[in-house]
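Enquirer: Take a look at this one; I'll ask things after.
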Amino acid sequence: MQPPHFGTAVTSPILPLQDPSLLQTKAMQSMFDCFEGLCEGTVIVDREARVIWINDRYAARLHIDPVRAIGQEIEALIPNSLMRQVVVTGQPILIDLLEAANQTFVVMRMPFRDEAGEVAGAVGFALFSHYESLKPLFDRFSGLQTELARARKKLAEARATKYTFSSFIGDSPATMEVKRLARRAAQLQAPVLLHGETGTGKELLAQAIHAGGPRAGKPFVPVNMAAIPEALMEAEFFGVAPGAFTGADRKHRPGKFELAHGGTLFLDEIGDLPLPLQSKLLRVLQEQECEPLGSNRVIPVDVRILAATSRDLEAMVEDGRFRKDLFYRLNVLNIPLPPLRQRLGDLELLCEHLLEKTALENGTRARELSPEAIGYLKRHAWPGNVRELRNVLERAVMNTDEVRLEAAAFRGLLKAAEEPPAGPRALPDRTYAQAMAEAERQILESALSAAQGKVVEAARRLGIGRATFYKRMSALQRPSPD
Ligand SMILES: Nc1ncnc2c1ncn2[C@@H]1O[C@H](COP(=O)(O)OP(=O)(O)OP(=O)(O)O)[C@@H](O)[C@H]1O
Ligand SMILES: [Mg+2]
């Protein structure tokens, strides 16, 4: 395309300057020619930011047709362009970096005005990206970009590896079964429902499932139903369109579904989701798309759903407090996390791990537990499970400098009601069935550990068949009778 010409002889639609002095016209023409020659690209837009001229080199660089470009809004050709900002504000942008068509340009943008002084349009120059004097600037920019990419990767790695299956401590048969189910779940795409008492490691396991599966490099986005006020839940899940309501952001605010795109959405405390939201969630899961508040645009949803609850969802379904259809959709793979008191075989290993972690965090020496201390802790009911164990250990460590912690270090730290009795072991807070189940569990677990985990051998030692051993084990993993 011919470059535009400034002057009275040619009536240019771009700069309708009336009666400029010859000198001024010449100066302008030569300045434009000079820049135009130096630059990789030149583009001119009118006051509506529509292209009125673009030079062939720039069009070629951007892979566009210079003739068809005329009349188009600048963003249609260069999505990141700030030419509109220049015509709207009337302010030039003298040096900037522009990313377009997978290249980086140093750009300069200037408005121009009509005789009345009104902004009539803007001209943009894109400098050669290999222009010698700009090399330091480009090097610095690409250096920063590499650093940014590295930092992003690190962040993703930190997120992805915060918890893996090896973080889930325990080698009791019950815990091994939980890990087996979770490892299998990691390889599948179906929703998983994790249920267990507070502090049993539901969130830890959800992260491990995400980190152990094909979506590991993508986001893991947790949403806690118990922590979000009902009125805000919909916006939180599905996002908000720009200006959807008074006070809404001018920019689109993405919802958790959008943030988790390609990755995993962890719906924590799903039992706290109010019924109207349950219907909406179900619809999104069925249709695989969602609609931000106040928009008429649908966003495709590609997320893997992991849900957790400490409530009895089946009972809630029966009472009509949880939708049956949603329950079935979430409960495709079910992983029950047994409470700590039902897998006391893990307690010692957990203590070791938690004490090591505390020492590492405080930069101190790791403490040990005396056998009496372990025995003492094993007699506590641990209603707060591993979280409670961690807190109790941390407090005991703070109370003394001894490397070896004795049972006495824990007296007064366990909740009074659950303090184990001092005398011979009594079971006042358990039913007969619970006590029997506990005794049976200990028999099975100790046989299994004596047989180094070999079920056939453990069963032989106890004088029962392998099938019976399995049956008793799995019966014990169901919620204990009370
Ligand atoms: N098996 C385990 N090995 C190591 N740490 C564990 C284990 N289980 C739980 N924890 C630790 O206990 C704490 C509680 O775990 P988490 O938050 O995953 O529990 P939760 O089941 O989600 O509890 P809540 O229902 O209260 O949210 C965390 O610090 C977690 O790291
Ligand atoms: Mg949790």
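Enquirer: Could you list, in sequence order, all residues of the range 180-194 that are within 16 Å of ligand 2 (Cβ to nearest atom) and over 23 Å from Leu354 (Cβ atoms)? Full working, then the answer.
Expert: Start the filter on the range 180-194 by keeping residues that are within 16 Å of ligand 2 (Cβ to nearest atom), which leaves 182, 192-194.
Val192, Leu193, listed by residue number.
Enquirer: Count, please, the residues in the range 388-417 that happen to be within 16 Å of ligand 2 (Cβ to nearest atom) and either hydroxyl-bearing (Ser, Thr, Tyr) or surrounded by 15 or more Cβ atoms within 10 Å (Cβ to Cβ) (or both).
Expert: 3
Enquirer: Still on this model: Confirm whether His195 is over 23 Å from Leu277 (Cα atoms) and in the same structural domain as Glu289 (by TED's automatic domain parsing).
Expert: no
Enquirer: I would also like to ask the following. Condition first: assigned by TED's automatic domain parsing to the domain that holds Leu275, modelled with pLDDT of 85 or more and within 30 Å of Leu389 (Cβ to Cβ). Can you find one or more residues in the range 230-250 that meet it?
Expert: No.
Enquirer: Run down Gln278, Gln288 and say which single residue is more than 16 Å from ligand 2 (Cβ to nearest atom) and modelled with pLDDT of 95 or more.
Expert: Result: Gln278 is the single residue among Gln278, Gln288 that is more than 16 Å from ligand 2 (Cβ to nearest atom) and modelled with pLDDT of 95 or more.
To keep it simple, each residue is scored yes or no on (1) touching a Ser or Thr at 6+ places or on another chain (Cβ under 8 Å); (2) of a type in the set (A, V, I, L, M); (3) within 16 Å of ligand 1 (Cβ to nearest atom).
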{"residue": "Leu282", "(1), (2), (3)": "no, yes, no"}
{"residue": "Gln288", "(1), (2), (3)": "no, no, no"}
{"residue": "Glu291", "(1), (2), (3)": "no, no, no"}
{"residue": "Ile299", "(1), (2), (3)": "no, yes, no"}
{"residue": "Arg311", "(1), (2), (3)": "no, no, yes"}
{"residue": "Ala315", "(1), (2), (3)": "no, yes, no"}
{"residue": "Lys357", "(1), (2), (3)": "no, no, yes"}
{"residue": "Leu377", "(1), (2), (3)": "no, yes, yes"}
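Enquirer: Kindly indicate the residue of the range 286-341 that is over 26 Å from the mean Cα position of the chain (by Cα) and aliphatic (A, V, I, L, M) and also farthest from Gly239 (Cα to Cα) among those meeting that condition.
Expert: Filtering the range 286-341 for residues that are over 26 Å from the mean Cα position of the chain (by Cα) and aliphatic (A, V, I, L, M), the one farthest from Gly239 (Cα to Cα) comes out as Leu340.
Enquirer: If we only count helices (runs of 4 or more DSSP H) wholly inside the range 36-143, which ones have 1 or more residues that are touching a residue at least 60 places away in the same chain (Cβ under 8 Å)?
Expert: In the range 36-143, 56-61, 66-69 are the helices (runs of 4 or more DSSP H) which contain 1 or more residues that are touching a residue at least 60 places away in the same chain (Cβ under 8 Å).
Results for (1) closer than 19 Å to Pro222 by Cβ; (2) surrounded by 18 or more Cβ atoms within 10 Å (Cβ to Cβ); (3) more than 16 Å from ligand 2 (Cβ to nearest atom); (4) among the basic types (Lys, Arg), shown as yes or no for each residue.
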site: Arg140; (1), (2), (3), (4): no, no, yes, yes
site: Leu144; (1), (2), (3), (4): no, no, yes, no
site: Arg152; (1), (2), (3), (4): no, no, yes, yes
site: Ala174; (1), (2), (3), (4): no, yes, yes, no
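Enquirer: From the set of residues in the range 354-380 that are closer than 14 Å to Thr400 by Cα and among the basic types (Lys, Arg), which is modelled with the lowest pLDDT?
Expert: Across the range 354-380, the extreme among qualifying residues is Arg365.
Enquirer: Same structure again: Among the numbered criteria (1) part of a helix (DSSP H, G or I); (2) over 40 Å from the mean Cα position of the chain (by Cα); (3) at pLDDT below 80; (4) among the aliphatic types (A, V, I, L, M), which one does Ala475 miss?
Expert: That leaves (2) as the condition not met.
The values are calculated or read from the model by the stated rules, or taken from the named source; none is laboratory data. This structure is a prediction, so every number in the text was calculated from the model and none was measured. Please note: Cβ atoms are built from the backbone with ideal geometry, for glycine as well, and neighbour counts cover all protein chains shown.
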